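**Student:** Below: one structure in structure tokens.
The values are calculated or read from the model by the stated rules, or taken from the named source; none is laboratory data. Model, not experiment: these values are computed from the prediction. Positions of Cβ are backbone-derived with ideal geometry, glycine not excepted, and every protein chain shown enters the neighbour counts. Only protein heavy atoms, including side chains, enter the accessible area calculation; ligands, DNA and RNA are left aside. Shrake-Rupley method; radii C 1.70, N 1.55, O 1.52, S 1.80 Å.
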Amino acid sequence: IDRAGARIDRARERDAPALRAFAHERQRVADRRRQVEVIPVEFHFENYLTIGSDLPLGPAYRNSLIVAGVSGVLHLLITTAAAFPLARHRFPGSGFVKFAFLGTLFVPSQVILIPTLVILKAAGLMGKLSGVIVTALCDAFAIFVFVGFFRGIPKELEESAKMDGAGDLRILTS
């Protein structure tokens, strides 16, 4: 029994610093949780004024609006222009084009990140808003969504528009 008691005492002495550190860390986490308030107790409008004066939020908001607006409109135009012929017309190589777009969906964005940055740098678009806009112009997923949408429109509507003399651009925009 003495030998077992001695082993227990040695184990306590050996593990005591780790147990004290663990207990101390748990206590510090609990203290930090008590200090953080999710819902503010008091409202101080001066804090918002301080953020507005210390950080250049105006240019950041302006740049975000420009990038979102321009890239959104151009993305819509390009993906629509790519999807309409794929959905409504059979042309030589249309199957290859569909599979090429489909193939890009299987490539992770992390794989094309560095080549995209190299191309942007070579084109002189690195660090400019136009570089951000160009990278967001087209994606295969949006093209496939639009192809599905255009295929859902009855062919009869397109045929009646052609009988009335409308071309592809008029059919697309109407």
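**Student:** Based on the mean of other Cβ atoms within 10 Å per residue, sort peptides 44-51, 129-136 so the most packed one is first.
**Tutor:** 129-136, 44-51
**Student:** Now, a different point. Principal axis extents for region 39-174, Cα atoms only, whole Å, descending order, please.
**Tutor:** Extents along the principal axes, in whole Å: 67, 36, 30.
**Student:** Based on the mean of other beta carbon atoms within 10 Å per residue, what is the order of 113-120, 73-80, most packed first?
**Tutor:** 73-80, 113-120
**Student:** Further question: Grab the Cα-Cα distance for SER160 and SER53, subtract it from 0.36 nm times how many residues apart they are, and report the gain in nm with one decimal.
**Tutor:** 32.5 nm
**Student:** Another question, if that's okay. Could you look at region 74-153 and say what percent of its accessible area is carbon and sulfur, using a 1.4 Å probe and all protein chains?
**Tutor:** Ligands and nucleic acids excluded, carbon and sulfur give 78 percent.
**Student:** Cross-link partners among lysines for LYS155, C-alpha distance below 25 Å, same-chain residues fewer than 8 apart left out?
**Tutor:** LYS98
**Student:** Whole number in Å², please: accessible area per residue of region 50-100, 1.4 Å probe, ligands, DNA and RNA not counted.
**Tutor:** 65 Å²
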